[in-house]
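Presented below is the structure to which this report refers.
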Amino acid sequence: HLEANLLRKKGGIASRDLLISEEAPFAKMIPTEYAGIYSLVPQAKIEELLETKIPGFLAVISFQKGVINSALFCQEIVEYLSKKYAERFTLYEHTPVHKVLLYTEHAVIDADTHIVDSGKVILCTNGFESLHIINDAGLEIDAKYHHLVRGKIGYMSGYLEKLNKPPIAISYYIDPSASDSNSYIYLTRRPYEYEKGLHHNLISIGGPELDLEEDAATYTFEDDFPEEAEAEIDGCIHRVYDIEPNKKIEYVFTWHGLMGYTKNGVRLIGPEPQNPVLLYNLGCNGVGILPSIHGGRVIAKHLSGEKVGKTIFDVPKT
């Protein structure tokens with residue numbers, strides 16, 4: 001994390017506040033090359049920022065985040081497009097796509113009892129595990145696509161507490177190492193009207209995941225929420241999250257969903273090199289709203305014929 005902050009600074013990207021406890025055993029062993037990109041603070045400051053009382057957390061990375069009701073956001077976008085571009089925009093829900101046949105100038109989409117002929121196809125969904133792509137105009141795409149993007153089922157729970165704390169987003173690395181490959185739990189807190197006129201803070205917390213590839217599983221939205229995932233989340237929030245001064249929080253619901261991860265953690269945005277009839281805007285990696293909006297802007301440029309320069313989000317050729 002020190003190295004990442006140093007690279008941000010060298011690259012002209014806004015660096016993040018990296019605070020390290022004065023009590024951290026490694027505090028006096030940090031190489032001098034990282035001077036100026038972190039601060040030593042009292043242990044109490046670390047616990048204050050993480051809103052926890054349990055020992056063991058020795059550092060905090062702090063930066064601005066945003067929280068949004070993504071379902072409501074999407075509904076409002078659909079409503080806006082339906083009114084402003086009624087002659088151009090149509091939404092078809094409950095139309096599962098199982099197969100996409102790509103040709104040189106168009107694509108044919110198999111959607112159960114429907115067949116759709118389209119000039120372009122843009123994959124911007126996480127529900128890709130049962131999708132097959134057949135490229136009639138060139139080299140095979142399907143295997144490469146499923147190799148680039150893998151599925152994870154994410155599990156979350158919601159709790160209510162009094163509306164007496166500001167919005168926040170926190171991730172806790174509860175394994176000994178704060179490596180990106182280690183598990184962590186994450187939560188957001190924001191105002192929420194659970195019942196009309198009754199305002200609370202909603203604590204949304206997740207962490208447990210199921211890798212579809214490793215477990216050879218398929219995702220079904222109607223599946224029950226696993227008891228072990230519910231117990232893991234409940235144990236974490238009561239052990240790690242400081243609920244004072246509220247003394248208690250109220251469990252209200254659980255949910256799960258399919259997340260799409262790229263192997264290198266970088267989103268895929270742009271045309272498929274083997275056939276530009278197909279374009280991608282996917283690989284949410286758990287944080288999808290702002291990257292998807294950026295991807296949508298880039299996709300719009302491709303569709304309108306604008307010249308788009310190379311970026312790290314381009315779909316690899318092999």
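For the chain, report the accessible area per residue in Å² (1.4 Å probe, heavy atoms, rounded to an integer). Display every interim value, and only then the final one.
Values: 19520 Å² over 318 residues.
I get 61 Å² per residue for the chain.
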Calculated from DSSP helices alone, with each H run of at least 4 adding -39500 (n - 2.57) and the total divided by the residues of the chain, [θ]222 nm to the nearest 500 comes to -6500 deg cm²/dmol
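In percent, what relative contact order does the chain have, based on Cα pairs under 8 Å that are 6 or more apart in sequence?
16
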Using R₀ = 22 Å, calculate the FRET efficiency as 1/(1 + (r/R₀)^6) where r is the Cβ-Cβ separation of SER304 and ALA143; round to 0.05. 0.10
Among GLY12, LEU210, HIS114, the residue whose Cα sits farthest towards the positive end of the charge dipole of the chain, when +1 is placed on the Cβ of each Lys and Arg and -1 on the Cβ of each Asp and Glu, is GLY12
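Using the crude model of +1 on Lys and Arg Cβ and -1 on Asp and Glu Cβ, and no other charge, please compute the dipole size for the chain relative to its Cα centre, in debye to 20. Display every interim value, and only then the final one.
Values: 31 positive and 44 negative charges, 346 e Å.
Once rounded to the nearest 20, the dipole reads 1660 debye.
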In degrees between 0 and 90, to the nearest 10, how far off the longest principal axis of the chain does helix 227-240 point, with axes built from Cα atoms? 40
Calculate, in nm to one decimal, what ASP224 and PHE63 gain on full extension: separation in residues at 0.36 nm each, minus their alpha carbon distance. 54.4 nm
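Counting only protein heavy atoms and a 1.4 Å probe, tell me what percentage of the stretch 1-66's accessible area is made up of carbon and sulfur. Mind dumping the intermediate values first?
Numbers: 2430 of 4390 Å².
Heavy-atom surface of the stretch 1-66 belonging to carbon and sulfur, 1.4 Å probe: 55 percent.
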Any idea how far the Cα center of the stretch 261-318 sits from the one of the stretch 19-35, in Å? 38
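Greater than 19 Å separation of Cα atoms is the criterion. Which listed pairs, LYS196/LYS248; LYS165/LYS247; LYS165/LYS248, meet it?
Working: LYS196/LYS248 22 Å; LYS165/LYS247 13 Å; LYS165/LYS248 14 Å.
Cα-Cα > 19 Å for LYS196/LYS248; rest within.
Using unit Cβ charges (K, R positive; D, E negative) and no other charged atoms, how large, in debye to the nearest 20, is the dipole of the stretch 1-124 about its Cα centre?
Numbers: 13 positive and 16 negative charges, 86 e Å.
Using Cβ point charges on Lys, Arg, Asp and Glu, the stretch 1-124 gives about 420 debye.
At 1.4 Å probe size, with the rest of the protein present, what percent of the exposed accessible area of the stretch 223-297 is carbon and sulfur atoms? The partial results should precede the final answer.
Details: 2040 of 3760 Å².
For the stretch 223-297, the apolar C and S fraction of the accessible surface comes to 54 percent.
So if I place +1 on the C-beta of Lys and Arg and -1 on the C-beta of Asp and Glu, and nothing else carries charge, what would the dipole magnitude of the stretch 211-318 be about its Cα centre? I want it in debye, nearest 20.
Numbers: 10 positive and 18 negative charges, 247 e Å.
Dipole of the stretch 211-318, to the nearest 20 debye: 1180 debye.
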Sequence-distant lysines (8 or more away, or on other chains) whose Cα lies within less than 22 Å of LYS317: LYS99, LYS120, LYS144, LYS263, LYS301, LYS307
What's the angle, to the nearest 10 degrees (0 to 90), between helix 70-84's Cα axis and the longest principal axis of the chain? 40
Among 76-88, 59-71, how do they line up from the highest to the lowest mean number of other beta-carbon atoms within 10 Å? 59-71, 76-88
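The values are calculated or read from the model by the stated rules, or taken from the named source; none is laboratory data. From a predicted model like this one, the values you see are computed outputs, not experimental measurements. Backbone-built Cβ (ideal geometry, glycine too); neighbour counts: all protein chains shown. The area values use the complete protein model at the heavy-atom level, side chains included, leaving out ligands, DNA and RNA. Shrake-Rupley method; radii C 1.70, N 1.55, O 1.52, S 1.80 Å.
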